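Contents: one structure, followed by commentary.
We did not get these values from a lab; they are worked out from the coordinates using the rules stated. Fair warning: this is a prediction, and the values are worked out from it, not measured in the lab. Glycine gets a Cβ as well: all are built from the backbone with ideal geometry, and neighbour counts include every protein chain shown.
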Amino acid sequence: MLTHYRVTGHAPPTDTQVDAWLHELRGHSAGECHAALTVLQAQHHGRITPADVIDRIRIARAHPVTHLPVVPAQRRAGITRERATAARDRGIVAVYTAMGWPLTPDRDTALQVRCPFCKANPGHGCGPLTRDRLGRRERRDRRTGLHPSRLDAARTSTEGTAR
Ligand SMILES: [Zn+2]
């Protein structure tokens, strides 16, 4: 390790130096020493001593890495609002299935029509709109996540086609 990190410069470490380092670094794992020496070699200018290594290990032990850094998901090209909405809808279906909740058939039916309230296109879930430009208020149905007028519209249209 001493040779690898060139702790004794270009000359190989002597037996006395190896003994001294071994003695001083007792109780510190090889992994800790490697990690410390890597940091010290990058930051330290001049001769590295066992005390430097122990200091570095003490700092590392006091600040353990408890979580991995959060790597932001790369915004991939081509992800449109429509695809995001479709993914959300698939997620809703997955959650309902996993929880054993009945996926109401009227939701599927209602998804086939355009929402008269929030203007969500067929195949897409309703937006979070609660008040439209005409001042009408509507909250999405908790069970289906769709606006009630859309459910009504779907019911009306299926009744129409049934006749
Ligand atoms: Zn809607």
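For the pair R155 and V93, what calculated FRET efficiency results from E = 1/(1 + (r/R0)^6), where r is the Cβ-Cβ distance and R0 = 22 Å, to the nearest 0.05?
On the way: r = 21 Å, r/R0 = 0.94.
Efficiency at R0 = 22 Å is approximately 0.60.
Please give the direction-averaged projected area of the C-alpha convex hull for region 101-162, in square nanometres with one decimal. If you can, show how the numbers build up before the last one.
Details: hull surface 16.9 nm².
Averaged projected area of region 101-162's Cα convex hull equals 4.2 nm².
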Please find the FRET efficiency linking R139 to R61, where r is the Cβ-Cβ separation and R0 is fixed at 41 Å, and quote it to the nearest 0.05.
0.15
Quick one: Karplus J couplings for region 90-98, per residue in order, coefficients 6.51, -1.76, 1.60, θ = phi - 60°, nearest Hz, x for Gly and Pro?
5, x, 4, 4, 4, 5, 4, 5, 5
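Starting from the Cα gyration tensor of region 15-62, multiply each eigenvalue by 5, take the square root, and state the resulting semi-axes largest first in whole Å. Could the numbers behind the result be given before it?
On the way: eigenvalues 54, 39, 14 Å².
They are 16, 14, 8 Å, listed from largest to smallest.
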Point-charge dipole on Cβ atoms (K/R +1, D/E -1) for region 101-162, about Cα centre, debye to 20
360 debye
Tell me, what HN-Hα J-couplings in whole Hz come from the Karplus equation 6.51 cos²θ - 1.76 cosθ + 1.60 at θ = phi - 60° for each residue of region 9-14, using x for Gly and Pro?
x, 7, 7, x, x, 7
Between A20 and E82, what length comes free when the chain is fully extended (0.36 nm per residue of separation minus the Cα-Cα distance, one decimal in nm)?
15.6 nm
Using θ = phi - 60° and the Karplus curve 6.51 cos²θ - 1.76 cosθ + 1.60, what whole-Hz ³J(HN,Hα) does each residue of region 126-131 get, with Gly and Pro shown as x?
6, x, x, 4, 10, 8
